[in-house]
Amino acid sequence: MPEKVLVAMSGGVDSTVTAYLLKEQGADVIGLTLKMFEGQEKHLDDAGKMAAKLNIPWYCEDYTDFFRDEVISYFINTYRKGKTPNPCCYCNEYAKFRYLFEQMQKHNADKIATGHYARKTFKNGHWFIAKATNLKKDQSYYLSLLDEFYIGLSEFPLGEFPSKYQVRKIAEELGLEVSGKKDSQDVCFLEGEDYREYLSKKIPSDKIKKGNFIYKGEILKEHEGVEFYTVGQRKGLKTGFHKPLYVVEIDPVSNNVYLGSKEETYFKGVKLEKCNFITERKFFKSEIKLRYRMKSAACTVEILPNNEAAVLFDEKQSAPTPGQVAVIYDGDLVAGGGIIRKTF
């Protein structure tokens, strides 16, 4: 009896080709699209059309209420706390894969498949996320918080593809209209909108947490609200100061934003919370990525109680940002990750 696979179909070329590849391999494929925010309808239509082209069953489930309460609220509230959220990592762990698992059970499927550019591998009795063959498209960073349970249930067929061109070529040869469709934005519900504009619409103007820009203990001017700044930021501060200044710290209690030189944005380590590690080691050398588009940096990791960890960099790193996700790599494998709580 063929394995039944639930494919998360977003309406883009990656998830469509994923469904096609699994069907070609003999799997009993069903397509599922999660509606998670208003304005997503045009993508839902594309997903339904592509499922029809592939001649597979397709379902659409409405998770907008859950997504609003679990992901969008996290996004807004993290900025209000003076931190910078990572909604894609957070969503994969706390929302998307849980929704998909629920639907997997509902449709009596055996596996979940997505169009992520990542691989999974079984080593030393554990399932790990691994970097994609196509390092330019690698999305292992965004799957770093995923529980091993979900990793074992998931398939990522595009992880072995050396280029996105090959994926688009398959879609083109099949006559699929999405073959030339642009890649989706990192934060789906922003739909290309600047996050500051989005927050301005969601937070009443009288609730914006205004305070002052502080440089070397002196007030420079009032800022527009802690929600609109992130550690390491230089552009858009509008201080009128005679030399470039950078955001070094954001205090959500006083609502002050502390500025300094570029050198002052460099730190020697981070404390992580809400960690997910797939290792029995408590103290080890590794590599870390503090943001998606960053070259890995050598570090030493100490895993602490209560799902926390401390990471010491071999060399100081620029702008590790509270709220962002730090991912720990052992070569191509994701050993774990966590949310940056503070820098030191």
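The values are calculated or read from the model by the stated rules, or taken from the named source; none is laboratory data. Quick caveat, the model's predicted, so the values are computed rather than measured. Every residue, glycine among them, receives a Cβ derived from its backbone with ideal geometry; neighbour counts consider all protein chains shown. Each accessible area value is taken on the protein alone, full model and side chains, heavy atoms only, with ligands, DNA and RNA left out. Shrake-Rupley method; radii C 1.70, N 1.55, O 1.52, S 1.80 Å.
Ignoring lysines fewer than eight residues from Lys23 along the same chain, the ones with Cα atoms less than 19 angstrom from its Cα are Lys4, Lys49, Lys53, Lys111, Lys169. Taking max minus min of the alpha-carbon positions on each principal axis, the chain gives extents of 70, 45, 34 Å, largest first.
In the stretch 29-140, the C-alpha radius of gyration followed by the widest Cα-Cα span (Dmax) gives 16.1, 48 angstrom. Excluding ligands, DNA and RNA, the accessible surface per residue across the chain is 48 Å² with a 1.4 Å probe. Normalised by 2.2 N^0.38 Å, where N is the number of residues, the alpha-carbon radius of gyration of the stretch 265-343 equals 0.94.
Close amide H pairs (under 5 Å, H built 1.01 Å from N) link Thr84 with Gly323, Gln324, residues at least 5 positions away or on another chain. Distant-in-sequence amide contacts of Tyr329, defined by a placed amide H-H separation under 5 Å and a gap of 5 or more residues or a different chain, comprise Glu287, Ile288, Lys289, Ala335. Note on the stretch 176-294: Cα-Cα pairs beyond 26 Å make up 43% of the total pair count. Each of Asn55, Gln25, Phe75 was placed along the dipole of the chain (beta-carbon charges, centred on the mean Cα), and the one lying farthest toward the positive end is Phe75. Normalised by the number of residues in the stretch 232-344, the mean separation of alpha-carbon contacts (under 8 Å, six or more apart) gives a relative contact order of 28 percent.
Using the Cα gyration tensor of the stretch 82-195, with a ≥ b ≥ c the square roots of its eigenvalues, what is the shape: rounded (a/c below 1.5), prolate (a/b larger than b/c) or oblate (neither)?
It is rounded, given that a/c, with a ≥ b ≥ c, falls under 1.5.
Over 26 Å between C-alpha atoms is what I'm after, so list which of Lys235/Lys316; Lys131/Lys285; Lys210/Lys289 land there. Where the Cα-Cα span goes over 26 Å, the pairs concerned are Lys210/Lys289. Working note: 222 nm ellipticity from helices only, DSSP H runs with n ≥ 4, each -39,500 (n - 2.57), summed and divided by the residues of the chain, gives -6000 deg cm²/dmol to the nearest 500.
Can you pull the percent of the stretch 265-343's accessible area that's carbon plus sulfur, 1.4 Å probe, other chains left in place? Carbon and sulfur: 47 percent of the exposed surface of the stretch 265-343.
Assuming charge only on the beta carbon of Lys and Arg (+1) and of Asp and Glu (-1), the dipole of the chain about its Cα centre is about 1060 debye to the nearest 20.
Counting only protein heavy atoms and a probe of 1.4 Å, the accessible surface of the stretch 1-121 is 47% carbon and sulfur.
By its C-alpha gyration tensor, with a ≥ b ≥ c as the square roots of the eigenvalues, how is the stretch 4-190 shaped: rounded for a/c under 1.5, else prolate for a/b larger than b/c, else oblate? Because its axes are fairly even, with a/c under 1.5, the stretch 4-190 counts as rounded.
Please work out the Cα center distance from the stretch 149-170 to the stretch 241-309, rounded to the nearest Å. For the stretch 149-170 versus the stretch 241-309, the Cα centre distance is 30 Å. Using a probe of 1.4 angstrom, how much of the accessible area of the stretch 209-261 is carbon and sulfur, in percent? It is 48 percent, rounded to a whole number.
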